[in-house]
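The structure appears right after this line, and notes come after that.
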Ligand SMILES: Nc1ncnc2c1ncn2[C@@H]1O[C@H](COP(=O)(O)OP(=O)(O)O)[C@@H](O)[C@H]1O
Ligand SMILES: [Mg+2]
């Protein structure tokens, strides 16, 4: 049994303008030693999907269907207290936009030791020592334990976030666009840190990004999300080499016209649809260069095409 | 390094406070020369006082000298703690004020402490429970209390509790000629202080509820609250260590500014309840055209506000780590 198994998850936002089907029936799983990449343009429902794993979906959002099975039990019906005990200890998260994710009036040492004290019965002194070693672990150095967040650069703040998230040795780490908005060198360093954590702690990770080159560097498997649905899934190498879904192709920048420069990310013309009234057929249909008549009418199913590859496209038989 | 930063910050703030006090001293001199009317005319309303006698008094007070010289004289006397002689009580203005300070401090400090504690707690609860019934009840009460002027509130409280129900006295600080001593005396003072203090608590507390509530709502929308939740902290810890600690920063800042407005409240409340403090003194001094006492009370109020603001600034610099590094982040 996988560590995490998400089945047919549906999360809708009930707004005044209408029902936003931000996550509309997605399924995926993460095993004990897997790093799963979740990729898709902004607004595809990636954050909404992973927030639900911590049961962080708040009104107007609601989980309207599906199961989130972590270590064999569905977390959706758990009580608030059971869920609280799981957060930080079983499942930890590094958020998008770390710039304001740290409390400005608390030392980083306190912010790290706080989570350890909450979940383990140890003394303050021991927790403080652990906070220091966490800072060492993420490459900041224990002497900064008394510093405040404003004394750190963006990249260092994100490292502190990683230190907090990994402080209690969680069984699953979720990283939501951890490197977005940081400069390239800092991105590289953080990815190296993520990889070393993955190896040192054997930590299963769900890694969200909208940059496929980042996935290639960190993830074993990838799920491509578009407009609240997973449109393609597979192991990173084969998906990167041979994307099947036109949207994946677009993300990797391998439409026939630009085949020569495969590594370069090309933006796909148009924008993701509004999720209030998504297209009836394939949601990518309006932007798809290969669209056929059937795409407009019938929604393609996510089919297994062998080799653990799943794709939802009428082009693929 | 942090201490050095904080020391630098403290020195800057103290320097700024000194400059402000000097500016107030100057303004205080100028304002009282600008007001229309001759103070001597007020002093001697008797038409039989001759022009020579008036001139004599003018010379005696140095009012015949050029303004520049008068100003230097004023500064010199001020440096010696001499703020003039009360026209009305015929004794040093500073003594007149000193007699009133303890009563005002007793009333205002007691009431402010209660108001700040209650207001902050209720405001924090309202912000935490935003949109619920608890929130709307607290918000409605606070808004009503805050929008009623202090003198109006005073009169209402007095009408109900002192006049109609007779549970509290109409005014004053103690029962005249009661001969109470020790504990009995202080019980009597507390009984007299109840309504005026309640008036200040209502007015100030209402404001603190509103301030803390909005600061709390703001803090709760910040990313670090989600981080705290993701740590699996208890709601009480999130409220106390994360939301409230950040929400208190703007509340502390506003406190300094509000103290200036509190002066108006003190004058109103003390006047309504005949509380023998500085506020009541200002009212009496205006009625009696007692320029030296007015001038001295203005100075005392202004210096007190500057000092209070200095304390608030220093507290702020202490509780907000971002300040120590120098100015805004
Ligand atoms: N609080 C909310 N209320 C209404 N709609 C929301 C809310 N949060 C997100 N959405 C909508 O849900 C969709 C998915 O958003 P999100 O999960 O943030 O996507 P991503 O992380 O992929 O950028 C978007 O269309 C967004 O507008
Ligand atoms: Mg997102």
Expressed as an acute angle from 0 to 90° and rounded to the nearest 10, what is the orientation of the C-alpha long axis of helix A:124-137 relative to the principal long axis of chain A?
50
In 5 Å bins starting at 0, how do the alpha-carbon pair distances of segment B:52-148 split up by percent?
2, 10, 11, 12, 10, 7, 6, 7, 8, 8, 7, 5, 3, 2, 0, 0
Inter-part distance where segment B:186-238 and segment B:239-283 are each reduced to a Cα centre, Å
14
Segment B:126-198, Cα convex hull volume normalised per residue, Å³
117
Report, largest value first, the span of the C-alpha coordinates of the protein assembly as shown along each principal axis, in whole Å.
119, 56, 54
Quick one: B:80, A:314, A:245, fewest Cβ neighbours within 10 Å first, how do they rank?
B:80, A:314, A:245
Out of B:32, B:180, B:87, any idea which swings most in a Gaussian network model of chain B, alpha carbons joined below 10 Å?
B:180
What whole-number volume per residue, in cubic angstrom, does the convex hull of the C-alpha atoms of segment A:80-121 give?
92
Note down the nm distance, to one decimal, between modelled labels 7 Å out along Cα→Cβ at residue B:187 and at residue A:308.
8.3
Choice from A:162, A:231, A:145 showing the highest fluctuation, given a GNM over chain A with Cα pairs closer than 10 Å
A:145
Kirkwood Rh, Cα Rg: Rg to Rh for segment B:98-287?
1.08
If you average 1/r across every pair of different Cα atoms in chain A and take the reciprocal, what Kirkwood value do you get, in Å?
20.5
By how many degrees, between 0 and 90 and to the nearest 10, does the Cα long axis of helix A:108-119 differ from the longest principal axis of chain A?
80
Restricting things to alpha carbons, tell me how big segment A:1-110 is in terms of Rg and Dmax, in Å.
15.1, 44
Spin-label zone in segment B:181-207 - amide nitrogen under 11 Å from a point set 7 Å from the Cα of residue B:144 along the C-beta vector:
none
Expressed in µm² per second, the diffusion coefficient of chain B from the Stokes-Einstein equation, with Rh the Kirkwood radius over alpha carbon pairs, at 37 °C and 0.692 mPa s, is 143
Sorting A:20, A:58, B:293 on the 10 Å Cβ count, fewest up front, what's the list?
A:58, A:20, B:293
Computed helical MRE - 222 nm, the protein assembly as shown, DSSP H runs ≥ 4 contributing -39500 (n - 2.57), nearest 500:
-16500 deg cm²/dmol
Return the single residue from A:233, A:21, A:200 with maximal mean-square fluctuation; model: Gaussian network over chain A, springs between Cα atoms under 10 Å.
A:200
C-alpha long axis of helix A:154-166 to longest principal axis of chain A, angle in °
80
Rounded FRET efficiency, nearest 0.05, which uses the C-beta distance separating residue B:307 from residue B:58 and R0 of 41 Å:
0.70
Order by neighbour count: B:186, B:88, fewest other Cβ atoms within 10 Å first, most last.
B:186, B:88
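A short reminder: the numbers here are calculations on the coordinates, not readings from a lab. Keep in mind that what you see is a predicted model, and the values were worked out from it rather than measured. Backbone-built Cβ (ideal geometry, glycine too); neighbour counts: all protein chains shown.
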